[in-house]
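Some notes on the structure that comes next.
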Amino acid sequence: MKLKKPDGGEREYKHIVAKENNSGNVGKYSDYFICDIEYTGHLNKEEDYKFDMIGVKWPANSKSRENNDSLSLCIIGMKHNEYEDFNITNYSSKIYEFIICEEKLNRLKEDIKEIYNIKSQLGLIYPYNNVNIDFGSNIEILFIFANQNPKHSKLNKDMENFRKTTVYKNLCNIAEIKIAKGSFMGYRLYDESLMKI
């Protein structure tokens, strides 16, 4: 990590989220596993995409953990500390453009499956051995607004405006959109601690 962090150390917090949800007995009971941070690629010739985090929703209850297929793909956007330069509508629009392209979506799923298997064999992600996961049709888009003032007027206003956009309506037809709430001051992700937008 650089000593000077113009983004407020946001990358460091992405690593913390990944560690809290993936590692050891703590991570084992998370409902979400983070496969990669700052996952990048090309949306088209003119524009790149970068997802803050990509992962898998695999609920921690024992029945769900017996089944490693039909899992939900999770795309996570994170904003730490300074919110002003984040545009949730633009970010969501890029996600929408990406996931409606079957080729790109399938490639992302294949990447995640490969990353998950490798990290699990290395003991970095549950179940810490050779595992082949697979996806169903469910997609979740999760936003983490870390260390934000809950009374932040721009954030609240943007959320209200976002719900009125065509992008939001289109996304809701193909994915669930959620915002993470604090888990007793931690970064572990539980389904019960997420609220729908």
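The values are calculated or read from the model by the stated rules, or taken from the named source; none is laboratory data. The structure displayed is predicted, hence computed values, not measured ones. Cβ placement follows ideal geometry from the backbone for every residue including glycine, while neighbour counts extend to all protein chains displayed. Ligands, DNA and RNA are excluded from the accessible area calculation, which covers all protein heavy atoms including side chains. Shrake-Rupley method; radii C 1.70, N 1.55, O 1.52, S 1.80 Å.
Taking the solvent-accessible surface of protein heavy atoms with a 1.4 Å probe, what is the per residue accessible area of the chain in Å²?
With all protein chains present, the chain gives 55 Å² per residue.
What shape does region 64-109 take by its C-alpha gyration tensor, where a ≥ b ≥ c are the square roots of the eigenvalues and a/c under 1.5 counts as rounded, a/b above b/c as prolate, and the rest as oblate? Oblate is the answer for region 64-109, as a/c is 1.5 or above yet b/c matches or exceeds a/b. Applying a DSSP loop filter and a limit of 11 other Cβ atoms within 10 Å to the GluC sites (Glu not before Pro) in region 74-170 leaves Glu84.
Separation of the alpha carbons by more than 29 angstrom is noted, of Lys63/Lys94; Lys63/Lys113; Lys113/Lys157; Lys19/Lys50; Lys79/Lys119, for Lys63/Lys94; Lys113/Lys157.
Computed over the chain, the per-residue total of -39500 (n - 2.57) for DSSP H runs of n ≥ 4 gives a 222 nm mean residue ellipticity of -10500 deg cm²/dmol, rounded to 500. Would you mind telling me the share, in percent, of accessible area of the chain contributed by carbon and sulfur at probe 1.4 angstrom? Ligands and nucleic acids excluded, carbon and sulfur give 47 percent. Converting phi to 3J(HN,Hα) with the Karplus coefficients 6.51, -1.76 and 1.60 and the offset θ = phi - 60°, region 32-38 yields 10, 10, 9, 8, 7, 10, 6 Hz in sequence order, with x at every glycine or proline.
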